[in-house]
1. Consider the stretch 163-192. How many of its residues are closer than 28 Å to residue 298 by Cα and either out of contact with any Ser or Thr (no Cβ under 7 Å at 6 or more places or on another chain) or at pLDDT below 95 (or both)?
2. Among the residues of the stretch 561-572, are any in a loop (DSSP other than H, G, I, E, B), among the β-branched types (Val, Ile, Thr) and over 25 Å from residue 684 (Cβ atoms)?
3. I need every pair where a residue in the stretch 676-690 that is within 13 Å of residue 364 (Cβ to Cβ) has its Cβ under 7 Å from the Cβ of a residue that is away from the ligand (no atom under 13 Å from the Cβ) and open to solvent by 10 Å² or more (accessible area, probe 1.4 Å), sequence separation at least 6 or different chains.
4. Residues of the stretch 632-647 being within 16 Å of the ligand (Cβ to nearest atom), of a type outside the set (S, T, N, Q) and surrounded by fewer than 24 Cβ atoms within 10 Å (Cβ to Cβ), which ones?
5. Step by step: first the residues of the stretch 384-414, then only those that are hydroxyl-bearing (Ser, Thr, Tyr) and surrounded by fewer than 22 Cβ atoms within 10 Å (Cβ to Cβ), then the one that is farthest from the ligand (Cβ to nearest atom). Which residue is that?
6. Just wondering, is there one or more residues in the stretch 673-689 that are within 16 Å of the ligand (Cβ to nearest atom), outside any loop (DSSP other than H, G, I, E, B) and surrounded by fewer than 24 Cβ atoms within 10 Å (Cβ to Cβ)?
7. Among the residues of the stretch 459-472, which ones are within 15 Å of the ligand (Cβ to nearest atom), assigned to a helix (DSSP H, G or I) and either acidic (Asp, Glu) or over 22 Å from residue 61 (Cβ atoms) (or both)?
8. Could you check the stretch 388-454 for helices (runs of 4 or more DSSP H) lying wholly inside it with 2 or more residues that are under 27 Å from residue 49 (Cβ atoms) and of a type outside the set (A, V, I, L, M, F, W, C)?
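The values are calculated or read from the model by the stated rules, or taken from the named source; none is laboratory data. In this text, all values refer to a predicted model and were calculated from it rather than measured experimentally. Here the Cβ positions follow ideal geometry from the backbone for every residue, glycine too, while neighbour counts run over all protein chains shown. Areas reflect the complete protein model, heavy atoms only, side chains present, ligands, DNA and RNA absent. Shrake-Rupley method; radii C 1.70, N 1.55, O 1.52, S 1.80 Å.
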Amino acid sequence: MTPPPPDDPTLWYDAPATDWETQALPIGNGALGAMVFGGVGRERVQFNEKSLWTGGPGSEGYDHGNWARPRPGALAEVRSRIDAEGTMSPEAVAALLGQPRQGYGAYQPFGDLWLGLPGGDLGLPGGDLGLPGADGVSGYRRELDLGEAVARVGYTAGGVNHLREYFASHPGNVVVGRISAGRPGRVSFTLRLTCPHPGARVTVSAGRLTLRGALADNGMRFEAQVQVVADGGTRVDGAGHVTVEGADGAVFVLSAGTDYADVHPAYRGDDPRARVTAAVDEAASAPYERLRAVHRADHRELFDRAVLTLGRPAPAEPAASAAPAAPAAPAVPTDRLRAAYTGGASAGDRALEALFFAYGRYLLIASSRRGALPANLQGVWNDSTSPPWSADYHVNVNLQMNYWLAEQTGLAETAEPYDRYVVSLVAPGRESARRMFGARGWVVHDETTPFGFTGVHDWATAFWFPEAAAWLTRQLYEHYLFGGDLSYLRETAYPVMRGAAEFWLDTLRVDPRDGTLVVSPSYSPEHGDFSAGAAMSQQIVSDVLTNTLEAARELGDDPAFRAELAGALTGLDPGIRIGSWGQLQEWKDDRDDPADTHRHLSHLYALHPGSRVVPGTPEAEAARVSLTARGDGGTGWSKAWRINFWARLLDGDHAHRMLAEQLRGSTLDNLWDTHPPFQIDGNFGAVAGMAEMLLQSAHGTVHVLPALPAAWPDGSVTGLRARGDVTVDVAWSGGAATRIVLRAGATGPIRVRSAMVTGPHLVRDAAGRAPGATRAGDVLVVDARAGESYTLTAGAHRVDGPSAA
Ligand code: FUC
């Protein structure tokens with residue numbers, strides 16, 4: 001097979017996948033996802049389309065989770081019991097405020113493509129996928145080339161080389177496969193299309209398979225089409241399949257869609273047929289090489305923006321912003337690389353870590369692109385009609401975590417679906433706020449769906465979390481802080497933030513114990529009892545009110561509203577308290593148990609993703625005490641969050657230890673995160689954490705290598721983003737930065753923090769001129785101009801005037 005470009009990060013294996021969750025390889029374009037198995041006698045390509053969901057309108061009893069019967073006095077009763085008794089069990093609260101889940105639904109698999117290949121089982125799915133070694137197969141390789149976003153399967157059988165390639169094109173909205181052989185006339189296969197949903201029908205005409213049906217649960221219509229195009233040979237339509245014999249090569253293109261629309265209250269739009277037909281027609285009439293070139297350019301534009309290399313000393317004198325050397329494809333199959341991983345000092349360990357970083361960014365590009373729903377608990381990939389947690393949008397940490405890496409690693413555009421989704425929750429969320437709380441603004445609880453489920457169910461452990469709306473708006477505000485786009489703040493972020501803040505202005509209440517404003521009932525996610533003023537509730541509300549006030553000032557919104565926000569902030573309990581054993585308290589009362597190792601670390605919200613807890617302060621020390629007590633265990637996403645926490649505490653070694661825990665204990669052979677089971681938030685959260693280890697900008701400076709672990713003495717990273725519209729490349733050696741490049745998107749001072757500037761160093765713009773710069777301690781303030789780049793180099797031989805000030 002054609003080897004990949006030598007420098008592209010690549011996952012590869014020497015055997016086909018037999019298991020969907022742990023071995024198959026994901027491709028996707030945001031709306032469409034597919035899992036490639038790479039069988040020899042038979043290939044399976046399982047596929048999804050993001051909007052295919054049961055539940056919502058049309059599903060029995062659906063009303064957005066709003067209370068089916070009015071509950072006058074129920075909230076007041078919970079509040080007064082909490083006032084009187086201090087706490088209330090989740091079960092007791094759920095009995096008063098919850099209700100059985102109705103019409104919630106779940107994300108659905110769409111179908112499977114099966115390629116029956118010579119020597120394989122051409123019958124119905126479910127049998128042997130075909131293992132290499134049988135029938136004289138040699139040189140088997142299955143890979144996912146992250147730079148090209150192409151999955152490949154190659155082997156030699158009967159003296160002929162066979163190669164299949166698959167990719168999911170965002171510009172074309174199609175999944176494309178090419179089947180080729182090293183000799184003319186040696187491509188033969190039968191392609192079938194199957195669907196797990198009862199009543200769906202497959203018809204075949206002119207080499208095109210059409211799958212059409214409607215979900216029994218909610219009537220959602222769906223359609224997929226696959227066109228087979230053969231080069232030479234014969235192509236014959238059969239009952240439910242297309243057969244190609246003796247071709248020189250063949251291509252298939254698949255597209256799929258539903259009649260879902262993200263519009264409240266019907267959530268239905270046009271029949272998908274016209275869209276699917278147009279996408280397949282267009283791709284099927286284009287030459288394969290062109291489809292691939294367009295896909296490649298589209299993917300590379302995002303993917304190439306950030307590259308992490310670990311374990312190679314930084315090159316001595318690279319050009320200012322020259323394209324970096326990407327990590328080379330490791331010589332060991334990825335499953336063996338992972339199995340051998342210890343988190344120690346080996347080159348293989350560094351290669352796996354760099355690959356994991358590249359993979360997280362790849363997965364976000366593949367599962368979150370403009371025009372589709374955001375990445376759910378499984379991104380876009382799901383093979384089950386009843387997936388874990390419905391593969392939904394959990395908003396008590398998981399959906400938020402999916403997008404932490406977007407701004408930091410140069411993928412801001414991938415957050416467009418998230419923004420659009422959050423905006424779409426406002427209409428149903430206003431209704432829930434009004435009907436359940438009698439409040440302005442909007443609300444959503446613990447988890448939600450594409451149909452605006454903003455109310456509640458009654459699973460006591462996780463049903464009540466009205467703080468979710470406020471937390472969701474943080475990413476929108478961050479998008480503004482990173483990119484500085486004022487019209488985005490005005491038109492997209494601020495209205496949503498204002499609504500989330502208004503909800504709390506109407507819902508906070510005075511704590512009779514001390515007169516502060518608190519959230520009640522309040523629940524630290526999935527942990528302990530309900531009480532008033534749990535740390536996370538207070539920290540989130542403080543965050544949303546503070547951010548909204550800042551934004552309101554920036555935009556000059558009405559003074560009366562600003563005064564309301566400022567007043568609430570004055571009375572608000574900020575939820576940051578140091579307890580009896582030096583810990584950051586999880587609840588307003590000092591009830592934390594030092595032996596508790598619960599996976600949630602909700603009370604550290606103000607450390608990350610919030611920024612109220614600043615390293616070096618007593619509160620940060622208390623956060624460290626809490627974090628240490630909770631230990632290094634936890635599920636996949638929980639470990640990922642801990643990487644971020646330790647990085648924010650500027651403890652690179654502990655952050656790295658958590659990354660190692662994640663790779664050792666919570667990562668599958670295909671490098672998917674496992675909760676268990678597979679849950680993609682851990683992939684995304686870990687990459688955000690790695691980025692936080694290398695660059696932070698939450699506290700007013702662009703802090704370079706804030707938490708570099710001893711395990712990463714040498715390396716380089718390009719394309720990390722800092723708040724204030726700065727793009728940063730760093731090369732380091734022996735644990736110290738040797739070169740920092742700042743690319744300024746805006747004119748104004750950039751405050752760079754790095755130990756480098758305390759020693760001899762040079763600062764130059766791209767033309768070799770010294771910019772205005774002043775230094776105080778380890779912070780250098782560079783007078784930057786938009787569009788200009790500034791290179792800082794360490795070195796005794798060139799002490800420089802302005803920067804040595
Ligand atoms: C949160 C977590 C669970 C799980 C679920 C999808 O509720 O507490 O561990 O990740 O989301």
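1. Here is the first cut: in the stretch 163-192, the ones closer than 28 Å to residue 298 by Cα are 163-181.
Pick out the ones that are also either out of contact with any Ser or Thr (no Cβ under 7 Å at 6 or more places or on another chain) or at pLDDT below 95 (or both) and you get 164-172, 175, 177-181.
Going through the stretch 163-192 one residue at a time, the tally reaches 15.
2. First, the residues of the stretch 561-572 that are in a loop (DSSP other than H, G, I, E, B): none.
So far as the stretch 561-572 goes, no, none of its residues is in a loop (DSSP other than H, G, I, E, B), among the β-branched types (Val, Ile, Thr) and over 25 Å from residue 684 (Cβ atoms).
3. What qualifies is 684/404; 685/404; 688/404; 688/408.
4. The one that is within 16 Å of the ligand (Cβ to nearest atom), of a type outside the set (S, T, N, Q) and surrounded by fewer than 24 Cβ atoms within 10 Å (Cβ to Cβ): 633.
5. We begin by selecting, within the stretch 384-414, every residue hydroxyl-bearing (Ser, Thr, Tyr); these are 384-386, 390, 393, 403, 409, 414.
From what is left, the residues that are surrounded by fewer than 22 Cβ atoms within 10 Å (Cβ to Cβ) are 384-386.
Details: 384: 15, 385: 18, 386: 14 Å.
Per the criteria, the residue is 385.
6. Within the stretch 673-689, one or more residues are within 16 Å of the ligand (Cβ to nearest atom), outside any loop (DSSP other than H, G, I, E, B) and surrounded by fewer than 24 Cβ atoms within 10 Å (Cβ to Cβ).
7. Matches in the stretch 459-472: 461, 468, 471, 472.
8. Working: elements: 398-402, 404-408, 416-432.
Fully inside the stretch 388-454 and qualifying: 398-402, 416-432.
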